Amino acid sequence: MANEPARRKPKLHRGKVLRTERLTPHMIRVVLGGEELAGFGAGEFTDHYVKLLFPQPGVTYPEPFDMELVRAEMPREQWPSTRTYTVRSWDADAAELAIDFVHHGDKGLAGPWAARVQPGEEIYFNGPGGGYAPSADAGWHLLVGDESALPAIAAALERLPAGAPARVFIEVIGPEEEQPLAAPDGAAVVWLHRGGGQVGDLLVEAVQKLDFPGEDVHAFVHGEANFVKTLRRHLRVERGLPMERLSISGYWRKGRDEDGWQSSKREWNRQVEAEEADALA
Ligand SMILES: Cc1cc2nc3c(=O)[nH]c(=O)nc-3n(C[C@H](O)[C@H](O)[C@H](O)COP(=O)(O)OP(=O)(O)OC[C@H]3O[C@@H](n4cnc5c(N)ncnc54)[C@H](O)[C@@H]3O)c2cc1C
């Protein structure tokens, strides 16, 4: 969708797993470090993200690893698979990068990797990209997401101006998935428990029913693509929010792995924008 995280020239890094921590039953923190991370650098945005590179099984890559060379000389099916993850925190002094992974089951690459990876293992990644941080002069803030956007929402809460009114809706499976958040005074955080329901249904309902507490909202809405699409239409068409005040995109799509979602995203976004333009005409 428009207002995707801004694109930058990808910079390749190699991180060593320093430790892992199960924050909740379905959320695993992996902390990366190592000498090569010293030049990583992140901080401008609260939705900084990296693209982790997962090698294809049985494929040998050039040493030292060089993604440009891989792209130029190897068939596409041998290129590593990429998975996009938020920089939950970057400690420049310690050169430690924390990433929080939803462990959504046995399917996929990144979730299962986070569940099994051991200290000492290494992973290549590109980044950081990013495009949103809570605006200091907004009238109020709206933060909405499922657990895949929880790391970015947690980072945004840490950066909200003190006393800034904020309405925050986070949907997780149940109470065991809630995390302590450093929310400033003025931020009302509501945890929604979907249980066996459809991801995002509760978020849509909550935002549709919300009495906006003022003018000039700056909004961050991310997570599963279908509910994000519904909320985008609501915020743009029914609430009249301009795109400049809205960071909104599908972070993943039910039934598609990241490769499938990324390859269909352009067409998905084109349709969303066309329907929205019709509704606004
Ligand atoms: C900018 C950006 C930042 C992101 N930040 C984070 C982050 O910090 N933490 C995080 O956990 N995710 C984050 N995501 C989402 C993450 O990239 C996707 O969830 C990704 O598909 C996970 O890869 P995988 O290898 O585990 O599963 P895949 O191989 O991509 O998918 C396997 C199956 O699992 C399903 N699936 C994928 N993600 C989920 C999920 N969250 N819940 C339930 N089912 C799922 C797919 O639909 C598919 O059916 C971010 C995405 C973007 C674009």
Magnitude of the charge dipole, segment 12-129, Cβ model with Lys/Arg +1 and Asp/Glu -1, debye to 20: 480 debye
Quick one: what are the phi-derived ³J(HN,Hα) couplings along segment 231-241, Karplus 6.51/-1.76/1.60 with θ = phi - 60°, whole Hz, x for glycine and proline? 6, 4, 4, 4, 5, 6, 8, 7, 9, x, 6
Taking 0.36 nm per residue of separation between residue 104 and residue 56 and subtracting their Cα-Cα distance, the length gained on full extension comes to 15.2 nm
Which of rounded, prolate or oblate describes segment 149-245 when judged by the alpha-carbon gyration tensor and an a/c cut-off of 1.5? oblate
Compute, for residue 74, the solvent-accessible surface of its heavy atoms (probe 1.4 Å) with the complete set of protein chains present, and express it in square angstrom to the nearest 10. 40 Å²
Is the C-alpha gyration tensor of segment 12-129 telling us rounded, prolate or oblate? Criteria: a/c under 1.5 is rounded; beyond that, a/b larger than b/c is prolate, otherwise oblate. oblate
For the charge dipole of segment 85-169, defined by +1 on Lys and Arg C-beta atoms and -1 on Asp and Glu C-beta atoms about the Cα centroid, which residue among 149, 168, 120 has the Cα displaced farthest towards the positive pole? 168
So how do 161-172, 20-31, 253-264 stack up, highest first, on mean other-Cβ count within 10 Å? 161-172, 20-31, 253-264
To make sure I understand the rule: partners must be lysines, Cα under 30 Å from the Cα of residue 209, and not fewer than 8 residues away in the same chain. Which ones qualify? 229, 254, 265
Let me see the P(r) profile for the chain: every Cα-Cα distance counted, bins of 5 Å, each bin given as a percent of all pairs. 1, 5, 12, 16, 19, 17, 13, 9, 5, 2, 1, 0
Rounding to the nearest 10 and keeping the result within 0 to 90°, find how far the Cα-based axis of helix 258-280 lies from the longest principal axis of the chain. 20 degrees
What is the chain's relative contact order, in percent, from Cα pairs under 8 angstrom and six or more apart in sequence? 21 percent
Residue 233 to residue 117: extension gain in nm, 0.36 nm per residue of separation minus the Cα-Cα distance? 37.8 nm
Of the candidates 231, 241, 97, which one comes out as most mobile in a Gaussian network treatment of the chain with C-alpha springs shorter than 10 Å? 241
If you put +1 on each Lys and Arg Cβ and -1 on each Asp and Glu Cβ, how big is the dipole of the chain around its Cα centre, in Debye rounded to 20? 480 debye
Cβ neighbours within 10 Å, averaged per peptide: list 266-278, 42-54 in order, most packed at the top. 42-54, 266-278
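The values are calculated or read from the model by the stated rules, or taken from the named source; none is laboratory data. Since the structure is predicted, the reported quantities are computational estimates derived from the model, not experimental observations. Cβ atoms come from the backbone with ideal geometry, glycine included; neighbour counts cover every protein chain shown. We work out accessible area using only protein heavy atoms, side chains counted, and drop any ligands, DNA or RNA first. Shrake-Rupley method; radii C 1.70, N 1.55, O 1.52, S 1.80 Å.
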